[in-house]
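Here is the structure we will look at.
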Amino acid sequence: MLDARKTFRADDPLRALGIRAQAPAFDDAQREALAGRLLVGDANDLILADLVRGGVPLAVARAELEAAARHPYVKAAAVLKARVAKRDWLLDCRTKLERQVLRAVPRRDRLAPETFFAEHYAPLIPVVLTGLTADWPAMDWSLETLAYKVGNPEIEVQMDREADADFELNSIAHKRRMRWLDVLALLRDEPETNDFYLTANNSGVNRKALDALWRDIGPLPGYLDPGHAGPGRLGDGFFWMGPKGTVTPWHHDLTQNLLMTMEGRKRVTLVSPLETPRMRNHRHCFSRFGADATLEGADIPRLVVDIGPGDILFLPVGWWHHVEGLTRTIGMSFTNFVWPNDFPATYSMDGPL
């Protein structure tokens with residue numbers, strides 16, 4: 001029988017029955033979100049209002065907020081935040097100045113290697129190099145010559161890309177094996193599609209299968225190291241071939257790169273690495289802007305350059321770029337410069353961005 005002396009309260013029936021109510025749980029995920037909001041500078045009143053709106057009692061919300069503000073982990077994170085803010089301020093100063101002078105990708109004909117190093121490689125300024133590959137046999141590549149030179153080995157290609165919004169992030173899942181002549185037959189029909197593409201991600205298999213093509217490459221003395229191939233050839237590189245409509249979504253590389261075209265035209269859209277805080281970086285070196293070349297809704301300056309047969313685009317490390325095939329394209333890319341290019345050695349992918 002209930003004790004008649006107990007006073008019932010409409011707003012606390014469990015207490016009236018002698019049952020102690022459990023305080024609503026505030027879990028670690030909520031604490032992480034709360035600490036994050038403190039570190040980005042959200043006002044305490046706004047945080048409290050949102051917590052209460054989400055069902056957290058005011059007293060619990062206030063206690064958690066005060067505990068978070070006092071916690072030594074949050075204080076340490078605030079120190080790191082201040083250091084990052086200082087770095088970002090310096091980058092922002094550089095960004096404002098760079099926006100005043102870098103309005104287009106320059107084109108330079110037969111540029112001497114030492115000039116390229118001083119004016120582009122070291123200061124990380126993109127450039128289109130011309131006149132350096134005119135005598136390469138590779139400049140005569142066509143579907144017919146590729147069929148004759150290579151034969152019909154099994155190769156690897158990226159397939160079924162259009163049904164996957166994250167096709168580049170999931171590139172391993174899109175690897176397929178095909179015969180070389182079957183791939184050439186697909187291209188001969190002149191499709192406009194992003195559904196299949198031979199890319200650098202396929203080079204592990206394709207380097208040996210397409211070895212005959214490397215005999216048509218090089219040299220670029222003073223620019224690239226021929227490696228084991230000898231002074232008349234380039235032994236390292238990546239082969240690219242695809243139809244009109246292929247897209248490589250926004251990303252940045254971890255090395256300095258030369259991107260060259262033997263057949264067709266590509267449109268490359270670039271964004272300076274100084275704009276990285278605005279590029280929605282996520283998952284390693286990719287951007288949430290994905291395949292949107294226009295960066296819709298973002299105030300980020302872009303440099304747009306078209307490259308065709310014989311053009312070599314220097315893509316400096318860290319520069320964001322988006323690549324679209326304006327026609328069927330055949331090309332190569334190289335990273336084996338004679339100058340230091342081992343930047344991935346100090347790059348870490350540990351932890352979330």
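Each value in this text was obtained by applying a stated rule to the coordinates, not by laboratory testing. As the structure is a prediction and not an experimental result, all values here were calculated from the model. As a convention, Cβ positions derive from the backbone with ideal geometry for all residues, glycine included, and neighbour counts pool all protein chains shown.
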query = What's the local net charge at Glu192, with K and R +1, D and E -1, over the other residues with C-beta under 12 Å away?
reply = -3
remark   = Any residue on another chain or 5+ positions along whose placed amide H is under 5 Å from the amide H of Arg283 is listed here as Leu353
inquiry  = I'd like the distance between the alpha-carbon centres of the stretch 285-308 and the stretch 56-111, rounded to an integer number of Å.
reply    = 22
query = Relative to the present Cα-Cα distance, how much length would full extension add between Val60 and Glu98 at 0.36 nm per residue of separation?
reply = 8.8 nm
inquiry  = Using amide H atoms built in the peptide plane, which far-off residues or other-chain residues are under 5 Å from Asp253 H to H?
reply    = Gly318, Trp319
In degrees, nearest ten, helix 28-39 long axis to first principal axis of the chain (Cα) = 80
request  = Between Trp250, Trp89, Trp180, find the one with the highest GNM mean-square fluctuation for the chain; connect C-alpha pairs within less than 10 Å.
outcome  = Trp89
ask   = Cross-link list Lys175/Lys244; Lys149/Lys208; Lys75/Lys96: which exceed 24 angstrom alpha carbon to alpha carbon?
value = Lys75/Lys96
ask   = Farthest toward the dipole's positive end in the chain, which of Phe117, Leu46, Met139, given Cβ charges of +1 (Lys, Arg) and -1 (Asp, Glu) about the Cα centre?
value = Leu46
query = Dividing the Cα radius of gyration by the Kirkwood radius, what Rg/Rh value follows for the stretch 108-346?
reply = 0.94
ask   = Any idea what angle helix 44-53 forms with the longest principal axis of the chain, computed on alpha-carbon atoms, 0 to 90 degrees, nearest 10?
value = 80
query = What size of dipole, in debye to the nearest 20, comes out for the chain about its Cα centre when the only charges are +1 on Lys and Arg C-beta atoms and -1 on Asp and Glu C-beta atoms?
reply = 1120
ask   = If you take the C-alpha gyration tensor of the stretch 24-101, multiply each eigenvalue by 5 and take the square root, what semi-axes do you get, largest first, in whole Å?
value = 33, 14, 9
request  = Net charge near Gln158: determine it from the other residues with C-beta under 12 Å of the C-beta of Gln158, scoring Lys and Arg +1 and Asp and Glu -1.
outcome  = -2
ask   = Using a basic spin-label model with each label point 7 Å from the Cα along Cα→Cβ, how many nm lie between Ala291 and Arg215?
value = 3.8
Charge dipole (the chain, unit charges on Cβ, about Cα centre) - positive-most of Pro309, Leu90, Tyr347 = Leu90
key: Cα gyration tensor category, rounded, prolate or oblate, for the stretch 243-347 with a/c compared to 1.5   = oblate
Karplus (6.51, -1.76, 1.60) ³J(HN,Hα), θ = phi - 60°, over the stretch 60-70, in Hz, Gly and Pro reported as x = 5, 4, 5, 5, 5, 5, 5, 5, 5, 5, 8
request  = Calculate the radius of gyration of the Cα atoms of the stretch 62-169 to one decimal place, then report Dmax, the largest Cα-Cα distance, as a whole number, both in Å.
outcome  = 25.9, 75
request  = With a Förster radius of 45 Å, plug the Cβ-Cβ distance of Ala69 and Thr193 into 1/(1 + (r/R0)^6) and report the FRET value to the nearest 0.05.
outcome  = 0.25
key: Efficiency of FRET between Ala85 and Leu326 - r from beta-carbon atoms, R0 56 angstrom, step 0.05   = 0.85
message = Along the Cα→Cβ direction, 7 angstrom out, place labels at Ala165 and Ala345. What is the inter-label distance in nm?
response = 4.0
ask   = Which residues make up the longest stretch of the chain clear of trypsin sites (Lys or Arg not before Pro) that lie in a DSSP loop with no more than 10 other Cβ atoms within 10 Å, not counting the sites?
value = 111-353
